[in-house]
Amino acid sequence: MMTRTGQIKFEASEPSFEPVAAESNSVSAVLDGSNGEFAVLALIKTFKFKVPLMEEHFNENYLESSKYPKATFKGKIINFDASKLTTSEKYDLEGDLTIHGVTKKIKTKITLVSKDGKLYVTNSFNVKAHDFDIKIPSIVKSKVSDDVNVVFDFILDKK
């Protein structure tokens, strides 16, 4: 099952300042229903911000998208069994998240909903920018959080 129109949003805002948030609606995700292997690919330049200058700084200074053009996740949904999917099930998701050329192991919960022949996949987790060697300049440190909340929504179809 797969999609090429998945959505990832992230936010690294600090209270009382302009929101530091972006989203991409062209994320690819693939799930192997036989074993629960799950992979995601997001091109960094597809993330859109409300403020164009933030988007420029994000691509040039923070994530260096010309040098590190993509973020990936490769992992597995633990104890995944496609035959047991009913309305809504929570599973553990474990794997390697690569951002800015740095790979870290993550473990989080994922929600799967089977409906009308499609699989709806949602999740929310936090990462720290410094864990991925993303440097926040001291001049904006009070406005940009090191804690980044990542939310994804995918609707997977059989292809």
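Our coupling estimate for the stretch 37-49, obtained by passing each phi through the Karplus curve with A = 6.51, B = -1.76, C = 1.60 and θ = phi - 60°, is 5, 9, 9, 9, 9, 10, 7, 4, 5, 7, 6, 10, 10 Hz, Gly and Pro reported as x. Each of THR108 and ALA82 was given a label point 7 Å from its Cα along the Cα-to-Cβ line. The distance between the two points is 2.4 nm.
Our summary gives the chain a relative contact order of 25 percent, counting only alpha carbon pairs under 8 angstrom and 6 or more residues apart.
The separation of the stretch 104-144 from the stretch 38-101, counted between C-alpha centres, amounts to 7 Å.
The HN-Hα couplings worked out from phi for the stretch 58-74 by the Karplus form 6.51 cos²θ - 1.76 cosθ + 1.60 (θ = phi - 60°) are 4, 6, 8, 9, 8, 8, 6, 5, 6, 8, 10, x, 9, 10, 9, 10, 9 Hz, whole numbers, x standing for Gly and Pro. Residue separation of LYS141 and ARG4 scaled by 0.36 nm, minus their Cα-Cα distance, works out to 45.9 nm of gained length. Sequence-distant or interchain residues sharing an amide H contact under 5 Å with GLU14, placed H: which? It is VAL20, SER145, by chain and number.
Extension gain for VAL151-LYS118 works out to 9.9 nm (0.36 nm per residue, less the C-alpha to C-alpha distance). Listed by chain and number, the lysines whose alpha-carbon sits under 21 Å from that of LYS115, ignoring those within fewer than 8 places in the same chain, are LYS84, LYS90, LYS158, LYS159.
Listed from fewest to most Cβ neighbours within 10 Å, the set THR87, THR3, THR72 follows the order THR87, THR72, THR3. Listing PHE125, PHE17, PHE58, PHE154 from fewest to most neighbouring C-beta atoms within 10 Å gives PHE17, PHE125, PHE58, PHE154.
Each value in this text was obtained by applying a stated rule to the coordinates, not by laboratory testing. Everything numeric in this text was worked out from a predicted model, so none of it was measured. Methodologically, a virtual Cβ is constructed for each residue, glycine included, from the backbone with ideal geometry; neighbour enumeration extends over all protein chains shown.
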